[in-house]
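Here is the structure we will look at.
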Amino acid sequence: MVGFWKRVKDTLLPPRCICCGEYVEKVGVCDNCWGGIKWISEPKCKICGQPIEDEICKYCIADENFFDRAVSVMVYEGLARHLILKFKDCEATLYASIFAKWLNRIIQDFLEEIDFIVPVPISFKRRFKRKYNQTELLCIELQKLSGLKYSPEILIKSKETAMQKSLNRERRRQNLRKSFSVNEKISIKDKVILLIDDVITTGATANACAELLKKAGASKVYVATVARVILKSTISNP
């Protein structure tokens, strides 16, 4: 019966590409737009997931990372950037199920280790303005696909902070200081956490959250994001 009503719906309201609006067989991205997105694959940094020729990028060599590994689906530019901004700021919440499918593919290497899926929290003010936390929507859809336990109460946004996109690497770290906390009512001792966010840039947010989770007893923290900003200095010379 579910299949019947889906066919009726697809007949009356055929699915369209979320980028250009062209008709497609399944809700998602058409072949033409798919080719216009830069998907992240090997070679890449084994820790932060930056697309580079070396196994570990210079930032991960120089800095202490509290997360064990970060993976991302696509590069935050062009069509990918357009999709993320619509998802975050234009109530394009249907994108969550599509992005979750992509996230589910890139976490398969460590899927069986994970105990909890945890979204990066946002402040009450930002949630009120946006009406939702996009990372929570990603987690809910990812839970349906993976069967992993979703626990949005583990991390708490305890202080309003300035928008990260206008800050450099060091200012991002300072901005995030004491902005998150861990819910002490939930034990994560010896647990493996999968932290979900929409975009990773310098990794400051992921690192701040991972540090708290590790201090609270987590044995490992993995990070998965839909997109990542490529830091120019990490791109190898031809």
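Table for the structure above
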quantity	calculated
Residue list for region 114-138, filter: over 19 Å from ASN207 (Cα atoms) and in contact with a Phe, Trp or Tyr (Cβ under 8 Å, 6 or more places away or on another chain)	GLN134, LEU138
Filter result for LEU145 (out of contact with any strand residue (DSSP E or B) (no Cβ under 8 Å at 6 or more places or on another chain), modelled with pLDDT of 75 or more and aliphatic (A, V, I, L, M))	yes
Region 63-91: number of residues that are surrounded by fewer than 16 Cβ atoms within 10 Å (Cβ to Cβ), under 19 Å from LYS131 (Cβ atoms) and not basic (Lys, Arg)	4
The one condition in (1) in a loop (DSSP other than H, G, I, E, B); (2) surrounded by 21 or more Cβ atoms within 10 Å (Cβ to Cβ); (3) in contact with a helix residue (DSSP H, G or I) (Cβ under 6 Å, 6 or more places away or on another chain) that PRO121 fails to fulfil	(3)
Region 67-88 residues that are farther than 16 Å from TRP34 by Cβ, paired with ones that are of a type in the set (Phe, Trp, Tyr) and assigned to a strand (DSSP E or B) (beta carbon under 9 Å, 6 or more apart)	PHE67/TYR222; ASP68/TYR222; ARG69/TYR222; ALA70/TYR222; VAL71/TYR222
Any hit, region 159-166, residues being modelled with pLDDT of 95 or more, out of contact with any Gly (no Cβ under 7 Å at 6 or more places or on another chain), part of a loop (DSSP other than H, G, I, E, B) and not charged (D, E, K, R)	no
Candidate set from region 93-119 (those that are among the β-branched types (Val, Ile, Thr) and modelled with pLDDT of 95 or more); member that is farthest from VAL27 (Cα to Cα)	ILE114
Leading residue by the ranking (farthest from the chain's Cα centre (by Cα)) among those in region 51-104 that are among the β-branched types (Val, Ile, Thr) and farther than 19 Å from ILE140 by Cα	ILE61
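The values are calculated or read from the model by the stated rules, or taken from the named source; none is laboratory data. Treat the numbers as computed from the prediction; the structure is a model and nothing was measured. Heads up, the Cβs are rebuilt from the backbone with ideal geometry, glycines too, and the neighbour counts pull from every protein chain shown.
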